[in-house]
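Heads up: the structure comes next, in structure tokens.
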Amino acid sequence: MENKEEFLKRRIIDDMSEGVIIINFDGEILLLNHAAEQILGMTQGELKNKTIAELISTSDEKDELFELILDVIYTRKKTTKTIPYFCKDEMKYLRITTDFLTGESEKIGVIAQVSDITDATLLFLANKQLANQITNLMRSFVEVMVTAIEEESPYNANHTKSMVEYAKRYLGWLADKGELTDHTSAETAPFLMSIWLHDIGKLLVPTEILDKPTRLAAAAKDISYRIETALLMLRLKALTEPDSQAECEEQKEKLLAAKELIFSANTKGILDEETVGKLKEAAKIECMTADGNTVTLLNNEELEAITVVRGTLTPAERHTVESHVSLTAKLLSKMEFSGDYKSVPVWAGGHHELLDGSGYPDHLKAESIPWETRLITIIDVYDALTAEDRPYKPPMAPEKAFAVLDDMAEHGKIDKDLLISFRESKAWCRN
């Protein structure tokens, strides 16, 4: 008859709400409590004094449980694992935690604690499925937004898509080298989403500014009409006032020369100081209107536009375009990003910040600019320089684009090491 101590131990084990199985190192099951019988759907008679090897040979559905215990016996290593388990045509999820029974001086067996966590696991899987659905919905939303941007500005959608492709290839290159997690998370979907979203603020920038192809844009038609009207009025004046013919001819030549100067400057990449001076003089030429009054050839807004030295945007228009970064942050603030996606607004909203603090909108410096944002900045500049579909400039060859980026790196504006790595990856090569 067992002693009182052994009886109490057995009763304690038997009364536990979690299943307990005790196995010796020969693989023989010495004891299992009532909770283990209920969880496993097997009785004492089916399991007690049987070896794990015997049970494996007679049961296919429960192999994973028995193989786990057998592995612990042979390796003498503790384990905690969740496994699927079939019981009466129903699949359960069991949590198995193993430890060792110790005699006076050595390990003498294995004790396996078995918990039925089916309900918790199914809830976890349902929540994971819901999270995946929400993530897919978010990705679909991003695609809708990019499509909307494409409708507004086709070049910008191409810009975003190109950037995503460059980033995918570069991150893949880092992963192949085993260096991805040295810089960012192995889960790259949130970072790629930040690229998809980085220009979403441009939805709120007027298209006529965002896609302005020339300095004058729509104003060119007004100026052309103004000149044609003035020329016609000069012809009428010369016919009705013969004494003014020489004066009218001189004025006509001035207008034609000014027209050629203005419309040549309208599409030039860079204006020199001499040309700007001539444009300012031409702007003062008086033009007769259809009602007999006179106006200057260019008004103040038109003069400001045509004398932009580089590019097509006036300072006010450039400020409007630059505001897309703040607008991106504003739009993204309306969405709740959490978990792996919590940094998306930071990465997306900082792509015009520069390491020396000269960027915008917050003039952040190197220590406040994460690696992901630094990469977006490099890719953004590279694609802007080499894009073939910009209405206001021809594409730059890759070697020239990298020369520009090298200069930025030398002046402390972008990450030099990251630029070298990006160039080495060849991720920027167009397919």
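Here is a yes/no grid of residues against (1) of a type outside the set (A, V, I, L, M, F, W, C); (2) touching a helix residue (DSSP H, G or I) at 6+ places or on another chain (Cβ under 7 Å); (3) in a helix (DSSP H, G or I):
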| residue | (1), (2), (3) |
| --- | --- |
| 223 | no, yes, yes |
| 231 | no, yes, yes |
| 246 | no, no, yes |
| 253 | yes, no, yes |
| 257 | no, no, yes |
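Summed over segment 328-339, the residues that are assigned to a helix (DSSP H, G or I) and among the small types (Gly, Ala, Ser) give a count of 2.
Considering every residue within segment 307-327, establish whether at least one is hydroxyl-bearing (Ser, Thr, Tyr) and part of a helix (DSSP H, G or I). Within segment 307-327 (the criterion being hydroxyl-bearing (Ser, Thr, Tyr) and part of a helix (DSSP H, G or I)), the answer is yes, since at least one residue qualifies. Residue under question is residue 377, and the condition is that it be among the hydroxyl-bearing types (Ser, Thr, Tyr), modelled with pLDDT of 95 or more, surrounded by 20 or more Cβ atoms within 10 Å (Cβ to Cβ) and touching a Ser or Thr at 6+ places or on another chain (Cβ under 9 Å); does it hold? For residue 377, the condition - among the hydroxyl-bearing types (Ser, Thr, Tyr), modelled with pLDDT of 95 or more, surrounded by 20 or more Cβ atoms within 10 Å (Cβ to Cβ) and touching a Ser or Thr at 6+ places or on another chain (Cβ under 9 Å) - is not met.
Residue by residue, here is whether (1) more than 30 Å from residue 255 (Cβ to Cβ); (2) at pLDDT 85 or above; (3) touching a Gly at 6+ places or on another chain (Cβ under 9 Å); (4) surrounded by fewer than 18 Cβ atoms within 10 Å (Cβ to Cβ) holds:
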residue	(1), (2), (3), (4)
171	yes, yes, no, no
180	yes, yes, yes, yes
185	yes, yes, no, yes
198	yes, yes, yes, no
236	no, yes, no, yes
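Listed by first and then second residue, the pairs linking a residue in segment 321-344 that is within 12 Å of residue 360 (Cα to Cα) to a residue that is of a type in the set (Lys, Arg), with Cβ atoms under 6 Å apart and 6 or more places separating them unless they lie on different chains, are 324/202.
Could you please find all residues in segment 340-358 being of a type in the set (Gly, Ala, Ser), out of contact with any Phe, Trp or Tyr (no Cβ under 9 Å at 6 or more places or on another chain) and outside any helix (DSSP H, G or I)?
Residues of segment 340-358 that are of a type in the set (Gly, Ala, Ser), as a first pass: 343, 348-350, 357-358.
Pick out the ones that are also out of contact with any Phe, Trp or Tyr (no Cβ under 9 Å at 6 or more places or on another chain) and you get 349-350, 357-358.
Across segment 340-358, the qualifying residues are 350, 357, 358.
Remark: pairs (first residue in segment 266-279, assigned to a helix (DSSP H, G or I); second residue of a type in the set (S, T, N, Q) and modelled with pLDDT of 95 or more; Cβ separation under 7 Å; 6+ apart in sequence or on different chains) = 276/307; 279/307. Could you list all residues from segment 45-62 that are in a helix (DSSP H, G or I), at pLDDT below 80 and loosely packed, with under 15 Cβ neighbours inside 10 Å? Within segment 45-62, 57, 58 qualify. Of the residues screened, residue 236 is not one that is part of a helix (DSSP H, G or I), within 19 Å of residue 309 (Cβ to Cβ) and of a type in the set (A, V, I, L, M, F, W, C). Name the single residue that is modelled with the highest pLDDT among those in segment 285-300 being out of contact with any strand residue (DSSP E or B) (no Cβ under 6 Å at 6 or more places or on another chain) and loosely packed, with under 12 Cβ neighbours inside 10 Å. Selected residue: 300. Would segment 383-390 turn up any residue that is surrounded by 13 or more Cβ atoms within 10 Å (Cβ to Cβ), touching a residue at least 60 places away in the same chain (Cβ under 8 Å), within 21 Å of the chain's Cα centre (by Cα) and part of a loop (DSSP other than H, G, I, E, B)? Yes, that holds for at least one residue.
The values are calculated or read from the model by the stated rules, or taken from the named source; none is laboratory data. Since this is a predicted model, take the numbers as computed values, not measurements. Please note: Cβ atoms are built from the backbone with ideal geometry, for glycine as well, and neighbour counts cover all protein chains shown.
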